[in-house]
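The structure appears below as structure tokens.
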Amino acid sequence: MLLNRESLRYCNYRGDFCIYSAVGLFQMNKLIAAILVSLLSFPCFSKGKEDWQPYDLKKHEFALSGAVFPGRYAFGYDFDFIPRLYSPTYYASVSGLYDNAATYNKERSTNTWTFSYTYNFTRIFSLQASLSYEGGWDEYYSRADDSLVGMTECHYLTPMLTARFSWLNRNLVRIYSSVGAGIAVSLTDEYYTVSDDGVSTHPETYISLQVTPVGISVGRKLFGFFELGVGTIYVGGCFGIGYRF
């Protein structure tokens with residue numbers, strides 16, 4: 001078969017194109033391989049034993065936390081309308097309805113503050129003993145001149161024992177759930193400015209429960225944590241700081 005000049009030129013072009021294509025593909029593969037090697041050697045992608053070792057368990061923890069929305073306040077304090085000295089039928093009387101319409105109230109709360117000690121039996125199971133405080137005030141004012149008519153205050157101390165289960169353990173991060181039960185001791189006082197009289201009730205006790213579906217702590221010895229839960233200690237969120245040793 002005879003090849004003319006155009007045919008030879010076409011063959012040379014195809015040959016050069018194939019050579020250039022092969023060289024380009026080889027260089028591209030080298031570039032991709034270099035990128036992969038760089039990524040795999042980078043610490044974030046390394047799966048060495050040091051980076052993925054189990055959580056360094058410390059047996060003891062002390063922590064202080066505050067609740068975003070205190071539990072007793074969320075469920076309602078056992079505040080009563082000011083004239084508790086009256087008979088129960090007073091509220092349904094004309095005088096009671098008049099006094100109720102003649103006053104307005106303002107409520108205040110300290111939020112809930114908790115000091116706790118935790119003993120970690122294993123990486124998964126822990127027991128926590130805690131003491132929580134929550135205080136609330138309900139002040140009544142006259143609508144006529146905004147003068148203080150009376151005030152009721154409640155203070156709650158709640159010792160609680162909590163079982164905690166950690167379902168993710170890493171060097172810096174733990175994720176856990178917990179459930180606790182205890183007894184709240186309530187102290188209630190009432191003051192009446194119009195009669196200079198007041199009532200101090202005897203301490204009362206209530207069953208307290210707290211469930212935390214998810215909590216997360218970040219840090220090693222010194223750590224911060226945030227929890228989402230519902231119960232008589234708090235409803236919503238709780239945050240705090242602690243120390244492990």
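The values are calculated or read from the model by the stated rules, or taken from the named source; none is laboratory data. What you are looking at is a predicted structure, and each value in this text was computed from that prediction instead of being measured. No Cβ is skipped: glycine too gets one built from the backbone with ideal geometry, and neighbour counts run over all protein chains shown. The area values use the complete protein model at the heavy-atom level, side chains included, leaving out ligands, DNA and RNA. Shrake-Rupley method; radii C 1.70, N 1.55, O 1.52, S 1.80 Å.
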| said: Need pairs with beta-carbon distance below 9 Å; first residue on the phi > 0 side of the Ramachandran plot and within the stretch 197-223, second open to solvent by 70 Å² or more (accessible area, probe 1.4 Å) and at pLDDT 85 or above; sequence gap 6+ or separate chains. | reply: Gly219/Leu172; Gly219/Ile241
| query | Condition test on Trp113, is it under 30 Å from Val173 (Cβ atoms), out of contact with any helix residue (DSSP H, G or I) (no Cβ under 9 Å at 6 or more places or on another chain) and modelled with pLDDT under 80? | reply | no
| task | Could you list all residues from the stretch 115-159 that are of a type outside the set (A, V, I, L, M, F, W, C) and more than 23 Å from Asp189 (Cβ to Cβ)? | result | Ser116, Tyr117, Thr118, Tyr119, Asn120, Thr122, Arg123, Ser126, Gln128, Ser130, Arg143, Asp145
| Which of (1) modelled with pLDDT under 95; (2) in contact with an Asp or Glu (Cβ under 7 Å, 6 or more places away or on another chain); (3) surrounded by 15 or more Cβ atoms within 10 Å (Cβ to Cβ) is the odd one out, the single condition Ser200 does not satisfy? | (3)
